[in-house]
Each structure stands twice: as structure tokens, then as C-alpha cells.
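Remarks on the structure that follows.
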């Protein structure tokens, strides 16, 4: 089986690739296809068309995306909506044109409305106004779901979508301005400890609650959904409500998370809140009952995953200083 992993150098794509490589080493007949951004620009329609026509994969895993935290989404909204729409349109359509019948697309929990009952069920999609700070990215991710559903309905393909909660783990982006909340906190508390500071300030009030899922759990869940028999997947979804939430099923306040990160990094000073900065959505917890009903649950807790992630950061600090 020839599998193209789009975005294999990203955190999620890399974790999926590692699991597939382990399967191959264990004897599964897999031909894993990857391309770096320099080798294949997924926003280039002609390049993606030629690649799909030449490689003819049996399965496509679309883990490539332009991602970032609140700051990056506020500063680069045009980049986020344009690049993600182009990647999805090119990969999904050119996969279809090349005869690919199985595809898995990875989205984001930001697809759900800002004011939505918690935990967020799949049927909350398109029921209200999106969070303004990442609306362009969310629109693009929603479009990816609808692309998959539309090709399934019109052409009989088997294109599936999984919506992860906030992810963390090895391979994360620790950039001081463009990272998500957890890696940003890890870097900030680490640097504060290294500098001997007695205070770290976090954005917002500290009261918003967030759910976190280790990237290795996400990779496992992605392949679990991809491997489901078609009749099982379709029995648990609907033609126009086909995406599946992936999360840990538990959440934590940003203030509690900051204290946990402080403990892991060894920071002993004060933690204060800059209330002039945006909080974003006050709570984001996924309803993962659909996936649990099909037999998958997360296994890596924050208490286990955070120290491992911090060790990975320490081993790769030179990359983030560039």
C-alpha cells in the first residue's frame, strides 16, 4: 500500500510517520511517500497535480497546514486562510483526480462556534459565530471537512476528517511569537528559570480552560480512524456530518497549566496575568464519545506527557534559537 503523508515534518505528520514506519518494520507491506516543502509546494496546484499523477498513492494523509497561536492568527489572517484553503483544495482534488479513494484530513477544534455548549459535539459545527481571533483558520478547516464530504457524496470516495483538540509533544513549535499556548509556556518558564527571574507573566486572565492531547495519541487515533472499515465509519457518522473529534476528554485552566509547566521546568517564582491580552475562547473541551464508542481513548496524561515534551525541547534548543 502506497501512503502519502503530507506534512510529515510537522508535529502530527511526523508522529503519524513514526507509527507507520514502525508498522512497516513489523512486516506490513507499506510504501511511505513523503515530500518536503522545498520538494513539493502544496499550495501550487500544478505541482500537486503532477506529483499525484506520478506517484499514484493508494492512501493520502493530509496533515499539512499553516498553524500558529492567537498572536500569529491575529497578525497573519490572510496567510492562514489562503494557504490552508489552497493546501486542502489541491491535495483533496488532485488525490481524487489521481484515483485515490481513501484519504484522511486533519482539522482543528477551532471549527466550533465561540459560544457553544461544552463539551463540543460534532453536531455543533456551523451553529454559531466563530472565535474572531482565529476565524480565517477555522473557515479553512471547515472547508476541508466539506470538501471531503462533497467528494464522498458526488464521487463515492472514502475521505474522512478528524478534529484534534490542542496538541503538544515532541516536534512542537516553540517559537516565542508563533507557537501555541503550551509550548509557549514551556519556553517562557524555561528561559525565566535560566535567567533567574522571579516572575513570569502569562497572557489573559488565566481562567480559560483548554484540553490537551499528546501528539502520539493523536497519531494513534488518526490511524485508528483511517483503518476503520468503511461500514463502521459510515455507521457512526453522517454524509454531511462526517468528522470525528479527537481529544483527551479532560481540560485544565491556563493558570493551572502554567503552574504545572512551572513545576516541570523548575521555575520557582511568581506567576502573574496580563489581563490586557486576549483570552480567546473561554472553554474548549471536545466531546469524544463518538470516537470512544468506536473503541479508542487517549492514554497519555499531561503529567506524563509534559516532562517528556520538556526533555525534547531541551534536546532541541539550538533549533529554536535560530
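Computed values, structure above
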quantity: Contour minus Cα-Cα distance for residue 9 and residue 303 (0.36 nm per residue); calculated: 103.3 nm
quantity: The chain: angle of helix 302-315 to the longest principal axis, Cα-based, in degrees nearest 10; calculated: 90 degrees
quantity: As computed over segment 161-202, the Cα convex hull volume per residue (Å³); calculated: 87 Å³
quantity: Inter-label distance for residue 276 and residue 289, nm, one decimal - labels placed 7 Å from Cα along Cα-to-Cβ; calculated: 4.4 nm
quantity: Beta bridge orientation in the chain: antiparallel %, DSSP, nearest 5; calculated: 10 percent
quantity: Likely footprinting exposure, 55, 28, fewest C-beta neighbours within 10 Å first; calculated: 28, 55
quantity: Three-way shape label, segment 275-322, alpha-carbon gyration tensor, a/c 1.5; calculated: oblate
quantity: Sorted peptide list for 29-39, 222-232, 255-265, criterion being average Cβ within 10 angstrom, highest first; calculated: 255-265, 222-232, 29-39
quantity: Angle in degrees between helix 215-227 and the longest Cα principal axis of the chain, rounded to the nearest 10; calculated: 20 degrees
quantity: Span from the segment 62-124 Cα centroid across to the segment 279-322 one, whole angstrom; calculated: 19 Å
quantity: Rounded, prolate or oblate (a/c below 1.5 giving rounded, otherwise prolate when a/b exceeds b/c) for segment 228-310 by Cα gyration tensor; calculated: oblate
quantity: The chain - mean residue ellipticity at 222 nm from DSSP helices (-39,500 (n - 2.57) per run, n ≥ 4, rounded to 500); calculated: -14000 deg cm²/dmol
quantity: Acute angle (nearest 10 degrees) that the helix 181-195 long axis makes with the longest principal axis of the chain, alpha-carbon atoms; calculated: 40 degrees
quantity: Estimated FRET transfer efficiency (residue 199, residue 78; beta-carbon r; R0 35 Å; 0.05); calculated: 0.45
quantity: Separation in nanometres of the label points that stand 7 Å from Cα toward Cβ, at residue 238 and residue 58; calculated: 3.4 nm
quantity: Three-way shape call for segment 1-50 based on the alpha-carbon gyration tensor, with the a/c threshold at 1.5; calculated: oblate
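Quick note: the coordinates plus some simple rules give every number you see, no bench work behind them. Computed from a prediction, not measured in an experiment: that's the story for all the values here. Every residue, glycine among them, receives a Cβ derived from its backbone with ideal geometry; neighbour counts consider all protein chains shown.
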